[in-house]
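Colleague: My questions all concern the structure below.
Bear in mind these aren't lab numbers, they're just calculated from the coordinates by the rules spelled out. Not measured: the values here are computed from a predicted model. Here Cβ is always computed from backbone atoms with ideal geometry, including for glycine, and neighbour counts include all displayed protein chains.
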Amino acid sequence: MRYIISLTLTSSLALTTSMAMAAPPQIVTDVPVVHSLVSMVTGDLTQPELLLEKGGSEHHFQLRPSQASLIAAADLVVQIGPELTPWLNKALALRPAEAPVLQLLHDKGTHRRTYGEAAESEAHNHDHDHDHDAPAGEAEAQHDHDHDHDHDHAGHDHGPGSTDPHAWLEPGNARHWLGLIAAELARLDPENAATYAANARAGAAEIARADQEAQAKLAPVAAKPFATFHDAYGYYTAHYRLNFAGSIAMGDAGTPGARHLSALRARVQAGEILCLFPEVGHDRAPLERVAEATGVQIGGLLDPVGTGMEPGAALYPTLLTRTADTLAECLSR
């Protein structure tokens, strides 16, 4: 009897160990939009960790020791790139050299813009899909894992010609990334490869639906000029062919100077800007001073990274349509 019990316990332990080894990968993501895309692909299999919590700032974030431990132990880290979240660099350097880090902005198939790039030129030179029509989850994993985390990035460089990291605001990029994420998870977890691929295709269809909805909302106001708090919307305004007239602040964390605000007031008075849009996590006082002097309308809060939204798979499609709602509501007055 003791032999049977011992054998049963041994078999049970072996089964438990096998199940533990077959568990889906543990994933860490940097910002809410990336967390949303990864969540679309993982579905119910596993829940990715999100470093930038609701209400946080991607520009001033500091990792807690517990989060650094999560990064070190994760099977996969997915980030936009050090251009947006350079605060990940030191923690990534502690990971083993072979530990995968998927930097979406650095993938060869990602459409990248530079600051100062004309939206009108972009609209003519790139279609809305940017050749990302291959079924999500079946795309070749053409990315190169970047394990050289020792190089220093300036981070948040808004100078002309520098890469604009807000590439998720081009829906074609987001759909493309779903395929990359699915391919990488399939490599780490072959048993669930078909599920990841199916989830990626379903996610791509949901993004396409949200994209069409945003198109319909924005088309009637596409010609009307507006300004945002900072220069984070180049991908979005180019994709939807909007009349983007500039930004209030020159950089992510910068406070607009008196000369810049004076020039902005002159443009408003000349009819070159119809709406000003504040942004989650930034002081709206400069916009209010311009509005008081000119009577220009102030629109609703924009949230390009989704830090004010509920994290999860639905965040990214909602971000596309909510941004469209916010812009259209002010511009259609």
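Colleague: Determine the dipole magnitude for the range 217-331: charges of +1 sit on the beta-carbon of Lys and Arg, -1 on that of Asp and Glu, nothing else is charged, the reference point is the Cα centre, and the result goes in debye to the nearest 20.
Modeller: Details: 9 positive and 11 negative charges, 76 e Å.
For this selection, approximately 360 debye.
Colleague: Now a separate question. Tell me, in nm to one decimal, what length is gained between residue 284 and residue 63 on full extension, where the rule is 0.36 nm per residue of separation less the Cα-Cα distance?
Modeller: 76.9 nm
Colleague: Given the range 217-331, what whole percent of its Cα pairs are spread farther than 21 Å?
Modeller: 33 percent
Colleague: Which order do the peptides 172-185, 100-113 take when ranked by the mean count of other beta-carbon atoms within 10 Å per residue, highest first?
Modeller: Final packing ranking: 172-185, 100-113.
Colleague: Once you have a ≥ b ≥ c as the square roots of the Cα gyration tensor eigenvalues for the range 176-234, tell me rounded if a/c is under 1.5, and otherwise prolate or oblate according to whether a/b is larger than b/c.
Modeller: Here the range 176-234 falls in the oblate category.
Colleague: Moving on. Could you give the length gained on full extension between residue 298 and residue 223, defined as 0.36 nm per residue of separation minus the Cα-Cα distance, in nm?
Modeller: Here the segment from residue 298 to residue 223 would lengthen by 25.2 nm.
Colleague: Gain in length, residue 72 to residue 93, computed as 0.36 nm per residue apart minus the alpha-carbon separation, to one decimal in nm?
Modeller: So the chain would gain 6.7 nm between residue 72 and residue 93.
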